[in-house]
Amino acid sequence: MNLAQYKPLETFSQKHLLTLQDWSEDEILHCLSLALKIKAMQKRGEAQTCLRGKMLAMIFSKSSTRTRVSFEVGTTQLGGTALFLSTADIQLGRGEPISDTAQVLSRMVDGIMIRTYKQSDLEALAKYGSIPIINGLTDEFHPCQVLADLLTIYEKKGTLKGLKLAFVGDGNNMAHSLMIGCSKLGIDVAIASPDGYKPNPTYTAWAVANAAAQGSRVTVCTDPLEACRDADVLYTDVWASMGQEGEADVRRKAFEGVYQINDACLSVAKQDAIFLHCLPAHRGEEVTAQVIDGPHSVIFDEAENRLHAQKAVMALLMGGIRL
């Protein structure tokens with residue numbers, strides 16, 4: 001698979017990015033190929049103007065470093081303007097129906113990126129609005145992060161199909177989106193989570209069906225070493241995500257001492273395995289400092305690729321671009 005030579009789709013039919021389950025294999029590959037081209041253009045200093053005159057509204061119910069900076073910078077680099085909207089500052093945070101907010105913003109801006117709690121809020125924006133809606137994160141999915149992850153894996157490995165990714169930790173929005181995105185592209189996925197914290201069975205079933213169509217595998221287990229064996233990519237996330245701080249002590253007891261990417265995980269993975277983390281990270285908890293700051297870690301390349309992957313998403317959904 002050579003994304004640099006990937007033949008773009010004649011038409012890109014998706015209007016929104018709510019979850020990667022809605023996107024086909026070709027649509028994901030199309031987006032990744034475009035991200036590579038946009039990244040190369042940026043590195044060469046070439047102007048990118050597909051969002052000239054366009055406005056992106058960014059709604060944040062959950063704060064973020066990488067999501068806000070990458071979308072705001074990315075919109076500017078594509079020639080558009082980004083408008084930051086905290087739910088503390090708009091009527092959505094004071095009880096205005098989502099349907100009203102969707103219809104009002106649809107008359108004023110050209111797209112909405114929202115980082116929030118409920119996936120149903122995102123879907124309501126898409127239902128009642130008439131402009132593209134981009135999932136910046138919900139409690140259930142984080143598709144923009146996974147596009148950046150896939151872009152990073154491709155850059156480091158030169159391929160996607162046939163690789164194996166192991167995820168150790170909470171069966172959260174990252175686990176869901178990694179299972180879905182990887183299974184769409186023929187990447188084996190192994191998730192190791194403690195009982196009571198495994199991925200949502202519905203989303204696991206989606207990924208299993210995707211993998212069956214690709215000839216790959218999705219497995220869910222409780223043993224991190226089993227998951228990491230022969231993996232090309234090791235991945236983890238924090239034990240308690242934003243909004244789960246009240247469960248931190250309980251979660252620590254469930255995860256501590258077992259669900260951590262460490263030297264033992266590296267020892268059973270492939271010698272050239274890479275380590276990914278969506279950040280922020282807690283060194284000494286879900287990953288050791290030796291791993292995250294060691295030679296297998298590519299977390300800062302991964303973080304940078306949030307910018308390029310999300311520019312590709314905006315270019316496709318808002319800019320009508322086809323490179």
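Okay, here's what the table says:
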| item | result |
| --- | --- |
| Trypsin sites (Lys or Arg not before Pro) restricted to the range 29-131 and DSSP loop, no more than 13 other C-beta within 10 Å | Arg52, Arg107, Lys118 |
| When the chain is reduced to its Cα atoms, the Kirkwood hydrodynamic radius in Å | 19.9 Å |
| Charge dipole of the chain about the Cα centre (unit charges at C-beta), most positive-ward option of Leu17, Gly284, Tyr6 | Tyr6 |
| Relative contact order, percent, the range 140-181 [alpha-carbon distance under 8 Å, six or more residues apart] | 65 percent |
| Shape call, the range 75-176: gyration tensor on alpha carbons, a/c limit 1.5 | prolate |
| Coordinate range along principal axes, alpha carbons of the range 8-154, Å, largest first | 45, 30, 29 |
| Percentage relative contact order, the range 69-128, counting C-alpha pairs under 8 Å, at least six apart | 27 percent |
| Global form of the range 29-115, assessed from the alpha-carbon gyration tensor, a/c cut-off 1.5 | prolate |
| Normalised contact order of the chain, rounded percent, pairs of Cα under 8 Å and 6 or more residues apart | 20 percent |
| Quotient of C-alpha Rg and 2.2 N^0.38 Å, computed over the range 242-323 | 1.45 |
| Gap separating the Cα centres of the range 187-219 and the range 247-323, nearest whole Å | 18 Å |
| Whole-number D in µm²/s for the range 8-62 (Stokes-Einstein; Kirkwood sum over Cα pairs; 25 °C, 0.890 mPa s) | 180 µm²/s |
| Per residue solvent-accessible surface (Å²) - the range 209-280, probe of 1.4 Å | 48 Å² |
| Spatial extent of the range 168-219: Rg and Dmax, with the Cα atoms as the point set, Å | 9.9, 29 |
| Size of charge dipole - the chain - debye, nearest 20, with Cβ of Lys, Arg +1 and Asp, Glu -1, no other charges | 1020 debye |
| Whole-angstrom Cα spans of the range 186-256 along principal axes, big to small | 40, 26, 19 |
| Carbon and sulfur %, accessible surface of the range 1-141 computed with the full protein complex present, 1.4 Å | 48 percent |
| Net charge dipole size for the range 31-94 [Lys, Arg +1 and Asp, Glu -1 on Cβ; Debye, nearest 20] | 200 debye |
| Summed side-chain charge close to Arg252 - residues other than Arg252 whose Cβ falls under 11 Å, Lys, Arg +1, Asp, Glu -1 | -3 |
| Neighbour cut-off at most 15 other Cβ (10 Å), DSSP loop, GluC sites (Glu not before Pro), the range 233-263 | Glu256 |
| Leading residue at positive end of dipole, the chain (Cβ point charges), from Ile133, Leu185, Val233 | Ile133 |
| Accessible surface, the range 59-159, averaged per residue in Å² (probe 1.4 Å) | 40 Å² |
| The range 106-149: proportion of alpha-carbon pairs further apart than 17 angstrom, % | 31 percent |
| Shape category assigned to the range 165-323 from the gyration tensor of Cα positions, a/c cut at 1.5 | rounded |
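The values are calculated or read from the model by the stated rules, or taken from the named source; none is laboratory data. Model, not experiment: these values are computed from the prediction. Note that we place each Cβ from the backbone using ideal geometry, even for glycine, and neighbour counts take in every protein chain shown. The accessibility values were calculated without ligands, DNA or RNA, using every heavy atom of the protein model including side chains. Shrake-Rupley method; radii C 1.70, N 1.55, O 1.52, S 1.80 Å.
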